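Reviewing the structure listed below.
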Amino acid sequence: MKKVLEVNSVNDYVKHIGGEVLHSLISVIHYCELEHCRHSLNYYGVYGLFLMEESPYTLAYGQGVYKAGNHSLICVAPGQMGGVSDTGEEIQLKGWVLLFSPQLIAGTLLEKQIEDYHFFSYYQSEALRMQPNEWRTIVTCIKMIRNELQTNPETPRQRNILITYLLLILEYCSRFYERQFHTEAVSRNNDLLKRFDKLLHQYYKENRQYKYGVPTVKYCAQELFLSPNYFGDLIRQLTGETAIHTIRKFVMQRAQALLTEGRTVTETAYALGFDYPQHFSRQFKAHFGVSPKQLLENDEESTTLL
């Protein structure tokens, strides 16, 4: 059994690696200042940003393992696991860690929009590879948070200041990720969209809809070796549409072809993977503006006129 460090509070990790406790709900760690640092495989109950200036170690993240590159940003959220099992060996890491508790942001604007920062659920292979100026920007913000924690007491006013800094950092990270998306989208453009389209065709060719139902973003992302959020963000960057909209458009076009071939509404619904014809009919009408039945009636009228 691997030993797992339960990081239920920000200071669980701080104390494990010998850092300075600065606040009950937020912590800042500079790895270079630690005298004694050991690995830990962490189960997180808090949010965390790990800015790895240098990382020669193989880490676990989610269900995979990887080597974090230099000047990379790894983000974690409550319910995730990551790190390296503690062997008792002392190690030397370079970089910064910013941890904050869900309690810190409870009832604030940040709590409402935290799920919009998709990078908290990205896999390592989708981590942010920061450029030098981006790295300096985030480190400067983190240093400002640490200075605030070291020089001022915990008060409601300080909480507002800390949340403002967090919002600023996360908005910067979003901007940097958008830059990375744009760069990767250009290089991946044809390949990813072709593989996505091929996957959808293959899905129905192999009759997977009878086992899994209508294709989902999660299924497609897994088949393309991407996390759902990262996959969705890439598709949006490439097409201007959401991944779910792209899937539905493919499914509805297939539905139209099946109905035109003479399939009934019920037959078409089950052939596409819908559990209920009514659900299929609602999606069809939302997409085309007419129900499947109306489409069939219009086709019959056109045939009669001919």
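Residue by residue through the range 2-26, note down the ones that are assigned to a loop (DSSP other than H, G, I, E, B), within 25 Å of the chain's Cα centre (by Cα) and over 17 Å from L149 (Cα atoms). Listed by number, the list holds a single entry, N8. Tell me which residues, restricted to the range 246-294, are crowded, with 18+ Cβ neighbours inside 10 Å, of a type in the set (A, V, I, L, M) and more than 23 Å from D197 (Cβ to Cβ). Listed by number, the list holds a single entry, V265. Here the range 72-91 is the region considered, the condition is being over 18 Å from the mean Cα position of the chain (by Cα) and assigned to a loop (DSSP other than H, G, I, E, B), and the residue that is surrounded by the fewest Cβ atoms within 10 Å (Cβ to Cβ) is G88. Is it true that some residue in the range 226-237 is modelled with pLDDT of 90 or more and hydrophobic (A, V, I, L, M, F, W, C)? No, that holds for no residue. When we screen V46, V97 for residues that are in contact with a Pro (Cβ under 7 Å, 6 or more places away or on another chain), among the hydrophobic types (A, V, I, L, M, F, W, C), buried (at least 16 other Cβ atoms within 10 Å of the Cβ) and modelled with pLDDT of 85 or more, the only hit is V46. Might you let me know whether the range 174-191 holds any residue that is touching a Leu at 6+ places or on another chain (Cβ under 9 Å) and outside any helix (DSSP H, G or I)? No; the residues of the range 174-191 include none that is touching a Leu at 6+ places or on another chain (Cβ under 9 Å) and outside any helix (DSSP H, G or I).
Restricting attention to the range 27-43, and to residues there that are assigned to a strand (DSSP E or B) and touching a His at 6+ places or on another chain (Cβ under 9 Å), which single residue is farthest from E154 (Cα to Cα)? Per the stated criteria, the residue is R38.
Residues G273, G240: which one is modelled with pLDDT of 90 or more and at positive phi?
G273
The values are calculated or read from the model by the stated rules, or taken from the named source; none is laboratory data. Keep in mind the model is a prediction, meaning the values are calculated, not measured. So basically every Cβ, Gly included, is an ideal-geometry build from the backbone, and we count neighbours across all protein chains shown.
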